[in-house]
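These notes concern the structure reproduced below.
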Amino acid sequence: MAFCLGLVDLRVPSPHSRPGRFDAVAAWRAQRRRIWLTRCRITLTTDTDEGQSGIVARVQSAVAAHRRGAEAVELDIVCHGTAFGYSGSLDAAPVSDPHGISGLGYALQLGTGLGIPTMHHWAPLQNVFRRVRLYACGERNPSLDRAYLNNIAREQFCRRFADLLGAEVVSSAATCVYAVLPDPTPDPSIEVDGWDGSAPVTVFLPGGRTRVLPRSDRLGR
């Protein structure tokens, strides 16, 4: 058995979720009630004002406190994922655009944001995890032209994250589906239903290797 640690940004699910579900999340968020991620032994939450160094320190503490012996550790990150076009110098995937967009980036809406420019803060967690699952939507940002609806930026992010952590990173270009469960009272839970649609789910391994996750394993287990 592996020790699975959950990390949830308090801004999920989005206000576009099924009616009533977002209201339940807003209620506990306003009161800072605890939330737990199903299938995880312990769940940590973060919010808009927490930097990556603080998140990493709490993850380190949770692993030290709850890991049993030499058991493997896995991390489930539940948050929004987004692509963004930018102009100027930024370490992300280059594109060519007549309207001034010079690059395409991908980031996780995790605290103040986890992208390639802030990824170095996660270096203390190298070789801690066996597998990291990104239950975050792929880079289908409606503000970008359809020509940019590809996997370049997200794949670059995942490859670098896998190399930095020395762990497998599981991600998909598809939309991720969550279910907010209001019980047990007063601590609601978030259940991940997997990635939506038929888009492939990819396992990124350290060293640049990849493999496709079997379609029968929609949760990346």
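For the range 34-86, filtering for residues that are farther than 26 Å from Val203 by Cα and of a type in the set (Val, Ile, Thr) leaves 2. Can you tell me how many residues in the range 145-175 are at pLDDT below 95, assigned to a loop (DSSP other than H, G, I, E, B) and closer than 18 Å to Leu219 by Cα? Going through the range 145-175 one residue at a time, the tally reaches 3. Considering (1) part of a helix (DSSP H, G or I); (2) at pLDDT 70 or above; (3) more than 21 Å from Ser61 (Cβ to Cβ), say which one Met119 fails and leave the rest. Failed condition: (3).
The values are calculated or read from the model by the stated rules, or taken from the named source; none is laboratory data. What you see is a predicted model; the values in this text were computed from it and never measured. With ideal geometry, Cβ positions are generated from the backbone for all residues, glycine too; neighbour counts draw on all protein chains shown.
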